[in-house]
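The values are calculated or read from the model by the stated rules, or taken from the named source; none is laboratory data. The model shown is predicted, which means the values in this text are computed figures rather than measured ones. All Cβ positions, even for glycine, are placed from backbone atoms using ideal geometry, and neighbour counts span all protein chains on display. Accessible surface is based on the protein model in full, side chains and every heavy atom, while ligands, DNA and RNA are left aside. Shrake-Rupley method; radii C 1.70, N 1.55, O 1.52, S 1.80 Å.
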Amino acid sequence: EAGVTQSPRYAVLQEGQAVSFWCDPISGHDTLYWYQQPRDQGPQLLVYFRDEAVIDNSQLPSDRFSAVRPKGTNSTLKIQSAKQGDTATYLCASSLSAGGRWEQYFGPGTRLTVL
Amino acid sequence: AQKVIQVWSTASRQEGEELTLDCSYETSQVLYHLFWYKHLLSGEMVFLIRQMSSSTAKERSGRYSVVFQKSLKSISLVISALQPDDSGKYFCALWELRTGGYKVVFGSGTRLLVSP
């Protein structure tokens with residue numbers, strides 16, 4: 001079974017530039033999560049979807065960040081006008097809500113540096 | 001407010017020893033799950049073990065087990081027979097079940113070095 005895949009693995013931007021991250025969850029997983037993990041900190045949940053619906057995006061900086069999962073499978077996280085404070089690893093994870101186990105399986109992450 | 005605290009930022013042991021990593025949490029919810037993850041050098045976050053708030057069973061998975069002290073809001077990860085490959089960063093995470101969804105908070109992690 002293929003794991004969660006993410007691309008690109010690395011991104012370097014100047015402040016003000018835009019960037020998109022792509023995630024392909026484990027096949028059959030209905031729930032998909034995006035996390036931001038600053039260096040030497042734990043992951044912080046930005047947004048999560050069940051199928052194509054956003055369940056919680058309260059931690060997503062809505063003025064510059066957006067996330068979609070139009071068909072309930074792959075997802076894209078976009079940052080408009082990146083800031084130096086956005087420097088972090090962006091992790092995607094997926095899980096199966098049925099059974100109430102909630103174990104999340106993480107992708108390798110995209111390491112973003114904003115200069 | 002929810003909070004997950006891992007007091008020790010680093011730990012080191014010799015191969016073959018046993019290690020306990022501590023995690024404390026704050027929650028006002030009745031139903032919640034606690035997870036331990038290992039962050040590999042490759043960047044991957046690997047699920048290790050889970051503890052349900054409603055369970056009194058002593059969870060175990062291979063060399064991993066947990067000590068769950070619900071009244072103290074504490075959960076410790078025990079790793080037995082340490083191997084150099086156990087080196088990495090370990091995160092504790094709290095999942096709270098709430099109406100319409102759930103909230104998740106990770107601790108800041110403990111970095112472990114196991115020497116041969």
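Numerical summary
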| read-out | value |
| --- | --- |
| Solvent-accessible area of B:HIS39 with every protein chain in place, 1.4 Å probe, in Å² to the nearest 10 | 40 |
| Per-residue average of Cβ from other chains inside 10 Å of B:58-68 | 0 |
| Within the accessible area of chain A (1.4 Å probe), percent carbon and sulfur | 47 |
| Average other protein chain Cβ within 10 Å of Cβ, residues B:106-112 | 3 |
| Shielding by other protein chains, A:40-46, mean Cβ within 10 Å | 6 |
| Coil-residue trypsin sites (Lys or Arg not before Pro) of segment B:1-58, DSSP, other Cβ within 10 Å capped at 16 | B:LYS58 |
| Percent accessible area from carbon and sulfur atoms, chain B, protein chains only, probe 1.4 Å | 53 |
| GNM result for chain A, Cα springs below 10 Å: residue of A:PRO25, A:PRO38, A:PRO61 fluctuating most strongly | A:PRO61 |
| Equivalent ellipsoid semi-axes - Cα gyration tensor, segment A:48-115, angstrom | 24, 14, 10 |
| Dipole magnitude of the protein assembly as shown about its Cα centre (Cβ charges: Lys, Arg +1; Asp, Glu -1), debye to nearest 20 | 260 |
| Surface accessible to a 1.4 Å probe, per residue, for the residues of chain A, Å² | 48 |
| Stokes-Einstein D for the protein assembly as shown, Kirkwood Rh over Cα pairs, 20 °C, 1.002 mPa s (µm²/s) | 117 |
| Too-long pairs where the Cα-Cα distance tops 18 Å, listed order kept, from A:LYS78/B:LYS3; B:LYS58/B:LYS89; B:LYS3/B:LYS73 | A:LYS78/B:LYS3; B:LYS58/B:LYS89 |
| Length added when fully stretched, A:SER97-A:GLN80, from 0.36 nm per residue minus Cα-Cα | 3.0 nm |
| Whole-angstrom gap from segment B:59-116 to segment A:43-97, using each part's C-alpha centre | 25 |
| Area buried, chain B against chain A - accessible surface, total, 1.4 angstrom probe, square angstrom | 1900 |
| Dimensionless Rg over Rh [segment A:13-98; C-alpha; Kirkwood] | 0.97 |
| Zero-based 5 Å bins, Cα pair distances in chain B, whole percents | 2, 12, 23, 24, 19, 11, 6, 2, 1, 0 |
| Gaussian network model of chain A, springs between alpha carbon atoms under 10 Å - residue of A:GLU15, A:GLU103, A:GLU52 with greatest fluctuation | A:GLU103 |
| Amide N of segment B:93-115 lying under 11 Å from the label point, which is placed 7 angstrom from the Cα of B:SER12 along Cα→Cβ | B:113-115 |
| GNM flexibility winner over chain B from B:TYR64, B:TYR102, B:TYR90 (Cα, springs under 10 Å) | B:TYR102 |
